[in-house]
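The values are calculated or read from the model by the stated rules, or taken from the named source; none is laboratory data. Worth saying up front: this structure is predicted, and the values here are computed from it rather than measured. So basically every Cβ, Gly included, is an ideal-geometry build from the backbone, and we count neighbours across all protein chains shown. These accessible areas exclude ligands, DNA and RNA; they are computed on the full protein's heavy atoms, side chains included. Shrake-Rupley method; radii C 1.70, N 1.55, O 1.52, S 1.80 Å.
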Amino acid sequence: MTISKPANKPARPFFSSGPCAKPPGWEASKLATESLGRSHRAKIGKSRLQLSIDLIREVLQVPDTHRIGIVPASDTGAYEMAMWTMLGARPVTATAWESFGEGWVTDAVKQLKIDPNVIRADYGQLPDMASIDQSHDVLFTWNGTTSGVRVPNGDWIADDREGLTFNDATSAVFAYDMPWDKLDVTTFSWQKVLGGEGAHGVLILGPRAVERLENYTPAWPLPKIFRLMSKGALAEGVFKGETINTPSMLAVEDVIFALDWAKSVGGLQGLMRRSDANAAALGKIVADRAWLGHLAADEATRSKTSVCLTVEGADEAFIKKFAALLEAEGAAYDIAGYRDAPPGLRIWCGATVDTADIEALGPWFDWAYQETKA
């Protein structure tokens with residue numbers, strides 16, 4: 001049976017896994033601009049940076065025990081800042097089941113040369129987190145953006161752990177409820193579930209991480225943008241809107257808009273409901289098609305944000321053509337899987353995507369599959 005080109009397109013065909021879709025109703029003209037062209041050290045600049053920190057705390061429900069700072073270089077900068085300033089005090093276990101986790105392993109092994117214990121799993125699978133030695137510092141990714149695999153919860157983290165937990169949560173925060181008492185270091189960028197702009201990272205430190213910073217000096221040199229200590233004390237200004245280097249105030253205003261939008265849809269619970277609904281809608285599309293599957297077979301560890309799909313018989317060229325067809329039609333943008341992952345599709349189901357747009361993808365998938373096979 002020949003499948004006709006569908007008539008109904010997603011209203012917003014933005015399914016990239018980063019930068020992700022802007023919040024519904026976003027327009028550049030709606031951003032506050034009073035801080036633009038002003039020094040980030042001026043009262044207005046610091047107040048807007050502090051407001052973004054306060055809104056992050058409110059929406060994510062981060063306890064007062066944890067400090068929140070805006071740092072350079074997106075999630076990568078935030079995570080490497082934590083690694084460079086805190087690792088080396090105890091043994092390290094590094095986990096990897098996708099590209100970014102593998103990147104932290106490379107940093108630990110080749111750059112910091114700390115010889116970590118490495119626990120790996122193939123794309124689509126999660127390693128045995130319960131087997132991790134809790135006397136070690138632990139590097140892990142809560143939600144594998146490139147594999148569609150997530151940590152289901154923090155139950156594997158011991159309350160009496162000796163090491164620190166380093167949580168790369170860039171595709172997880174604002175879509176899952178984070179167990180803050182179990183997380184010593186958490187990092188993310190604004191460009192994922194919030195639909196904000198890239199280039200800025202967020203670093204959240206629990207009291208045990210602060211204690212490490214105050215009582216441990218790493219053996220290696222630290223670039224200026226990694227330095228969280230000043231004159232023997234924690235640089236508290238970083239956690240009060242006094243950034244280490246010059247931020248984009250336009251990006252700051254953009255994330256304030258996104259956080260206000262998040263509050264308008266019910267805060268963290270509302271954001272999680274939206275992500276859950278999107279993932280469920282995509283799951284129904286997959287279930288109705290024998291040629292589609294989930295890279296993460298275990299639903300308990302399947303991402304609800306960066307959902308990675310397998311396509312029967314597809315190689316890299318097939319996926320490239322499939323995605324190009326949908327992009328040319330304005331039906332779906334940026335849905336090819338990550339370059340290092342097995343050939344497949346990757347659909348962002350975070351909260352800034354509307355469920356109706358996910359639902360509209362099914363007939364377009366059918367059409368593109370037919371056209372690509374032909």
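Taken over segment 295-342, the residue count meeting the criterion of being basic (Lys, Arg) and in contact with a Cys (Cβ under 7 Å, 6 or more places away or on another chain) is 1. Pairs needed: first member in segment 1-21, on the phi > 0 side of the Ramachandran plot and modelled with pLDDT of 95 or more; second member anywhere, β-branched (Val, Ile, Thr) and surrounded by 11 or more Cβ atoms within 10 Å (Cβ to Cβ); C-beta distance under 9 Å; at least 6 residues apart or different chains. Note: pairs meeting the criteria are GLY18/THR145; GLY18/THR170. Per the conditions (1) within 14 Å of ALA78 (Cα to Cα); (2) exposed (fewer than 14 other Cβ atoms within 10 Å of the Cβ), the sole criterion not satisfied by LEU228 is (2). Considering only residues that are hydroxyl-bearing (Ser, Thr, Tyr) and without any contact (Cβ under 8 Å) to a residue 40 or more places away in the chain, look in segment 220-275 and name the one that is farthest from GLY25 (Cα to Cα). Looking at the filtered set, the residue picked out is SER230. Pairing each residue of segment 53-70 that is closer than 14 Å to VAL202 by Cα and at pLDDT 95 or above with any residue that is crowded, with 19+ Cβ neighbours inside 10 Å and among the hydroxyl-bearing types (Ser, Thr, Tyr), provided the two are 6+ apart or on different chains, yields C-beta distances under 9 Å for VAL62/THR186; HIS66/THR186; GLY69/THR243; ILE70/SER52; ILE70/THR243.
Residues are listed down the side, and each one gets a yes or a no for (1) modelled with pLDDT under 95; (2) open to solvent by 40 Å² or more (accessible area, probe 1.4 Å); (3) hydrophobic (A, V, I, L, M, F, W, C):
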| site | (1), (2), (3) |
| --- | --- |
| LEU259 | no, no, yes |
| GLY266 | no, yes, no |
| ASN278 | no, no, no |
| GLY283 | no, no, no |
| SER303 | no, no, no |
| SER306 | no, no, no |
| GLU316 | no, yes, no |
| LYS321 | no, yes, no |
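Among the residues in segment 189-201, are any surrounded by 24 or more Cβ atoms within 10 Å (Cβ to Cβ), in contact with a Lys or Arg (Cβ under 9 Å, 6 or more places away or on another chain) and not hydrophobic (A, V, I, L, M, F, W, C)? Scanning segment 189-201, I find at least one residue that is surrounded by 24 or more Cβ atoms within 10 Å (Cβ to Cβ), in contact with a Lys or Arg (Cβ under 9 Å, 6 or more places away or on another chain) and not hydrophobic (A, V, I, L, M, F, W, C), so the answer is yes. Just a yes or no: is a residue in segment 35-53 within 25 Å of the chain's Cα centre (by Cα), basic (Lys, Arg) and within 19 Å of ILE70 (Cβ to Cβ)? Yes, that holds for at least one residue. Every condition in (1) β-branched (Val, Ile, Thr); (2) part of a loop (DSSP other than H, G, I, E, B); (3) open to solvent by less than 60 Å² (accessible area, probe 1.4 Å) holds for THR33 except the one numbered (3).
Taken together, ARG289, ARG227 contain a single residue that is closer than 30 Å to PRO127 by Cβ, modelled with pLDDT of 95 or more and more than 20 Å from the chain's Cα centre (by Cα), which is ARG289. ALA251 falls short on exactly one of the conditions (1) among the hydrophobic types (A, V, I, L, M, F, W, C); (2) touching a Gly at 6+ places or on another chain (Cβ under 8 Å); (3) open to solvent by 30 Å² or more (accessible area, probe 1.4 Å), and that condition is (3).
Here is a yes/no grid of residues against (1) within 15 Å of ASP340 (Cα to Cα); (2) open to solvent by 40 Å² or more (accessible area, probe 1.4 Å); (3) not in a loop (DSSP other than H, G, I, E, B):
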position: ALA94; (1), (2), (3): no, no, yes
position: PHE100; (1), (2), (3): yes, yes, yes
position: TYR123; (1), (2), (3): yes, yes, no
position: SER135; (1), (2), (3): no, no, no
position: LEU139; (1), (2), (3): no, no, yes
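When each of TRP84, TRP104 is tested for being aromatic (Phe, Trp, Tyr), more than 21 Å from THR146 (Cβ to Cβ), in contact with a Leu (Cβ under 7 Å, 6 or more places away or on another chain) and open to solvent by 10 Å² or more (accessible area, probe 1.4 Å), the lone residue that passes is TRP84. Pairs are defined by a Cβ separation below 8 Å, a sequence spacing of at least 6 or placement on different chains, a first member in segment 78-89 that is part of a helix (DSSP H, G or I), and a second member that is open to solvent by 10 Å² or more (accessible area, probe 1.4 Å) and hydroxyl-bearing (Ser, Thr, Tyr); the pairs so defined are MET86/TYR216.
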